[in-house]
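One structure is given here, and the rest of the page talks about it.
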Amino acid sequence: MKTVAIVQARMDSIRLPNKVMIKINLTPLIELLLLRLSESKTIDQIVLATYDSPVNKPLIDHVEKLGYQVYLGSKNDVLDRYYQASKEFNATEIIRI
């Protein structure tokens with residue numbers, strides 16, 4: 001059994017662009033989220049699910065620098081992005097973040 005937490009994030013939010021990289025005490029929000037998730041004793045792997053776009057490059061680079069996996073999927077079909085990420089990382093249980 002493999003539990004994978006899949007975090008869906010992107011940089012081009014309409015209401016608050018770049019929100020996942022906004023810093024609180026010098027730390028981007030996405031990093032705070034990933035660090036907190038990594039403290040879980042029931043999650044085997046944490047994956048960022050986003051899509052390939054130049055606008056997402058800072059997010060992708062930062063998450064990979066932290067040592068987490070990134071899945072690049074559909075821009076418009078978020079459910080498919082989760083599904084394909086779960087297949088890519090052999091998840092038997094999925095936690096949607």
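Checked against the criteria, ALA49 counts as free of Cβ contacts under 8 Å to residues at least 60 places away in the same chain and not hydroxyl-bearing (Ser, Thr, Tyr). The set of residues from the range 17-34 being without any contact (Cβ under 8 Å) to a residue 24 or more places away in the chain and not polar (S, T, N, Q) comprises PRO17, LYS19, ILE22, LYS23, ILE24, LEU26, LEU29, LEU32. Counting only residues that are farther than 18 Å from ILE95 by Cα and without any contact (Cβ under 8 Å) to a residue 24 or more places away in the chain, how many does the range 52-76 have? Of the residues in that region, 10 qualify.
(1) within 16 Å of ARG96 (Cβ to Cβ); (2) in contact with a helix residue (DSSP H, G or I) (Cβ under 9 Å, 6 or more places away or on another chain): which one isn't true of LEU66, the others all being true? Only one criterion in (1) within 16 Å of ARG96 (Cβ to Cβ); (2) in contact with a helix residue (DSSP H, G or I) (Cβ under 9 Å, 6 or more places away or on another chain) is unmet by LEU66, namely (1).
How about the range 69-92: which of its residues are touching a helix residue (DSSP H, G or I) at 6+ places or on another chain (Cβ under 7 Å) and small (Gly, Ala, Ser)? Correct list: GLY73, SER74.
Readers should treat all values here as calculations from the given coordinates under stated rules, not as data from a laboratory. Everything numeric here is computed off the predicted structure, so don't read it as measured data. FYI the Cβ positions are ideal-geometry reconstructions off the backbone, even for glycines, and counts take in every protein chain you see.
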